[in-house]
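Trainee: Structure provided below as structure tokens; questions to follow.
Bear in mind these aren't lab numbers, they're just calculated from the coordinates by the rules spelled out. Source: prediction; values computed, not measured. Here the Cβ positions follow ideal geometry from the backbone for every residue, glycine too, while neighbour counts run over all protein chains shown.
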Protein chains: 2
Amino acid sequence: MYGLIGKMRAARGQRDAVMDVLRETTGALPGCLSYVIAIDPVDADAIWVTEVWTDQASHKASLQLPEVQAAIAKARPFIAGFEFQVETRPVGGFGLPTAEPG
Amino acid sequence: MYGLIGKMRAARGQRDAVMDVLRETTGALPGCLSYVIAIDPVDADAIWVTEVWTDQASHKASLQLPEVQAAIAKARPFIAGFEFQVETRPVGGFGLPTAEPG
């Protein structure tokens, strides 16, 4: 599996606009196992996104999907920047459709 | 919902021992919606854990469960420390059993 953990910063006061775009877009994209969008209780313009994909290729391919391209274009004006991003290799746990629990 | 994103550092060479304990423990704990354990491709002793719970009380209660207490005791000798932890408020996305997709 391939994972991403990222913190994005919305332009001042535009967090909900970004969240709305993210929520409209994150349906059943091919290879996407989990895509969780979260606010930060102590940082009003921050958005945390944690993603799990079957593999890196699926994530890369998703960025070319018309609906994802459209979402990126729609959200871009409301995004101030990306503060943090790390790639991970999820190996298991609970709640992933294909993960082995132990 | 209540979320946690954390990076833990295993004692040198003990990452797999910690992962084994985590994977044995993360079954269907009450209120746990997602618990993803991941390695870091560029940091050999690091473990990323991303959690989603129905609420903070469920997470807090889980720490008192006998199986979780036993896991903490078992893993502790193999853990060097916690480098990063942030609380989040997941609001949606894809792949969570109770999340509204948009």
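Trainee: Mind checking A:43-56 for the average number of partner chain beta-carbons within 10 Å of each residue's beta-carbon? Please list the in-between numbers first.
Mentor: Values: counts 2, 0, 0, 2, 2, 8, 2, 13, 5, 6, 0, 0, 0, 0.
Counting other chains' Cβ atoms within 10 Å and averaging over A:43-56 gives 3.
Trainee: Say a label goes 7 Å from Cα toward Cβ at A:Gly13 in every copy; what distances in nm does this one have to the rest, shortest first?
Mentor: 5.8
Trainee: What does the structure give for A:82-91 when I average, per residue, the other chain Cβ atoms found within 10 Å of the residue Cβ?
Mentor: Average neighbour count from other chains, rounded to a whole number: 5.
Trainee: Can you sort B:Ile72, A:Ile79 from fewest to most other Cβ atoms within 10 Å of each residue's own Cβ? Write out the running numbers ahead of the final one.
Mentor: On the way: B:Ile72 13, A:Ile79 19.
Least to most surrounded, the residues fall as B:Ile72, A:Ile79.
Trainee: If you draw the axis that swings chain B onto chain A, which residue of B has its Cβ closest to it, and how far is that in whole Å?
Mentor: Nearest Cβ to that rotation axis, in whole Å: B:Thr50, 2.
Trainee: Another question, if that's okay. To test your reading of the geometry: what angle, between 0 and 90 degrees and rounded to tens, separates the Cα axis of helix B:66-75 from the longest principal axis of chain B?
Mentor: Tilt relative to chain B: about 40 degrees.
Trainee: For a label point 7 angstrom out from the Cα of A:Gln56 toward its Cβ, which stretches of the stretch A:28-42 have the backbone nitrogen within less than 18 Å?
Mentor: Correct set: A:31-33.
Trainee: Continuing with this model, one more query. Relative to the longest principal Cα axis of chain B, at what angle does helix B:15-25 sit, 0 to 90 degrees, rounded to 10?
Mentor: Roughly 40 degrees, rounded to the nearest 10.
Trainee: I want to make sure I understand the PRE zone here: with the label point 7 angstrom from the Cα of B:Ala80 toward its beta carbon, which residues in the stretch B:36-66 have backbone N atoms less than 18 Å away?
Mentor: The answer is B:38-49, whose backbone nitrogens lie closer than 18 Å to the label point.
Trainee: Further, regarding this structure: In nm, one decimal, shortest first: how far is the label point of B:Ala44 (7 Å from Cα along Cα to beta carbon) from the matching points in the other copies?
Mentor: List, nearest first: 4.6 nm.
Trainee: If you don't mind, another one. Add +1 for every Lys or Arg and -1 for every Asp or Glu among the other residues with Cβ under 13 Å from the Cβ of A:Cys32, and state the total.
Mentor: So the surrounding residues net to -2.
Trainee: Per residue, how big is the convex hull of chain A when only Cα atoms are used? Give it in Å³.
Mentor: Looking at chain A, the number lands at 99 Å³ per residue.
Trainee: Take every residue in peptide B:24-37, count the Cβ atoms of other chains within 10 Å of its Cβ, and give the average of those counts.
Mentor: Values: counts 2, 4, 7, 4, 3, 1, 0, 0, 3, 3, 9, 7, 18, 8.
What the average comes to for B:24-37 is 5.
Trainee: Between copies, how far apart are the B:Ala73 label points? List them in nm, one decimal, shortest first, with each point 7 Å from Cα toward Cβ, please?
Mentor: Once sorted, the set of distances for B:Ala73 reads 6.0 nm.
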